[in-house]
Amino acid sequence: MQVLLVEPAYYSRYPPLGLMKIAAYHRVLADDVRLVRGLADIRDFKPSRIEITSLFTYAWKPVHQAIEFYHEKFPEARIGVGGIYASLMPEDILKDHPYVNIHVGLNTEAERYMPDYDILKQVDRWKDWDGSILFTSRGCVNRCPFCMVPVMEGGLRNVLSDPRSHVHPEHSRVIVWDNNFLALPDWKEKMELLRQTGKYIDFNQGLDARQMTREKAEMLASLKTKGIRMAYDGEHEKEAAHRAADLLENAGFGRREISFYALYNFYDYECSFYDTPDEFYRRILDIMHMGCVSYPMRFVDFHSKSKNGFVSVMWSEERLEAVAKARRVLGFGGAFPPYEGLVKKFEQAGSFDEAFRLEPKKAGETGTEVTGAVADG
């Protein structure tokens, strides 16, 4: 059987892991598998089955374009659509394309296979990819109202005991996508196995500061890693964030090697959990005072078809845009490092509006129309 795997032409920093696992599954069945990105000109391949993946809900348009394009090109092929958007909003796809088969959640047939990295060589964007992506677990012990993991994956469960089995020998790094690695009962054994790979380890989804202990911090310091990411999503996590940063510093990490995702623009009517601009400002300043890096993460509603369409009742479009501009002008790579000038600007501000105000340039100055803190590197 000829199987066509399609990654729609949305932006992504990472190759389509789900399709790579599906490719591995079909290779075991001796099927002929091809991977394409976007709307490809295919002339020497006639698939009987087409699998299209999807990313976030706001990246829906390329998914619909891919469905229409490949259905017209191969009208006899069975088309399946999976991924995040398909799982969260299957009816949104079916109302326009009733002929497709929607796969909600994980593909249990393909999940256990090591991703087929060789198939990435068929796509120019991914042909030089150099990282092994893996989940050793799925789900999470927490049920944060702003997180889609409980909806998509449920509770925490082990799916891969030995991460070495899913590490490509030619890759220089391992990208761990577990949602709460430190909450695993066998975290210690898995971390030791990751250390044995001798490769750079990236806990890409972030680690839970509330789960940090001295032993975990010391074992993290024994790995080849370029830094640790955690979350500081509300002032209720302040004590845990400070404690985790102290433990990591004592284990050997520099403060600027520690970064915190900082949620903003969230409101939940049922549980009354929310942030406000001033609360967000205090968290960013607190992270700066810790000497760590803050990375603002704007909440987008799970079912929003627009990346900037959701505005919390506690926020406004103007204040959200102020954060976006400050990240571009004052920040570095979208983050706020604890640069001396930036810390001073935030310290002198008494509110969100003052902290995120970008002053007009003085007469005679050139460059961007606004100026901010001076970065000290």
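What to note about this one:
- Failed item, numbered, when Val176 is tested on (1) at pLDDT 95 or above; (2) on the phi > 0 side of the Ramachandran plot: (2)
- Number of positions in segment 1-26 that are in a strand (DSSP E or B), of a type in the set (Val, Ile, Thr) and more than 19 Å from Phe56 (Cβ to Cβ): 1
- Evaluation of Gly82 against the conditions (1) surrounded by fewer than 19 Cβ atoms within 10 Å (Cβ to Cβ); (2) closer than 28 Å to Arg298 by Cα; (3) under 20 Å from the mean Cα position of the chain (by Cα) shows that the sole unmet condition is (1).
- Hits in segment 288-330 - residues which are in a loop (DSSP other than H, G, I, E, B), surrounded by 15 or more Cβ atoms within 10 Å (Cβ to Cβ) and among the polar types (S, T, N, Q): Ser304, Ser312
- Evaluation of Asn142 against the conditions (1) surrounded by 16 or more Cβ atoms within 10 Å (Cβ to Cβ); (2) not assigned by TED's automatic domain parsing to the domain that holds Leu184 shows that the sole unmet condition is (2).
- Output for segment 191-249, where each listed residue is at pLDDT below 95 and touching a Leu at 6+ places or on another chain (Cβ under 6 Å): Asp233
- Residue tally, condition basic (Lys, Arg) and under 27 Å from His171 (Cα atoms), over segment 202-224: 2
- Scan of segment 168-203 for residues that are among the β-branched types (Val, Ile, Thr) and closer than 21 Å to Glu257 by Cα, ordered by number: Val174, Ile175, Val176, Ile201
- Search result, residues across segment 256-274 that are in a helix (DSSP H, G or I) and surrounded by 15 or more Cβ atoms within 10 Å (Cβ to Cβ): Glu257
The values are calculated or read from the model by the stated rules, or taken from the named source; none is laboratory data. A quick note: this is a predicted structure, and the numbers were derived from the prediction, not measured. With ideal geometry, Cβ positions are generated from the backbone for all residues, glycine too; neighbour counts draw on all protein chains shown.
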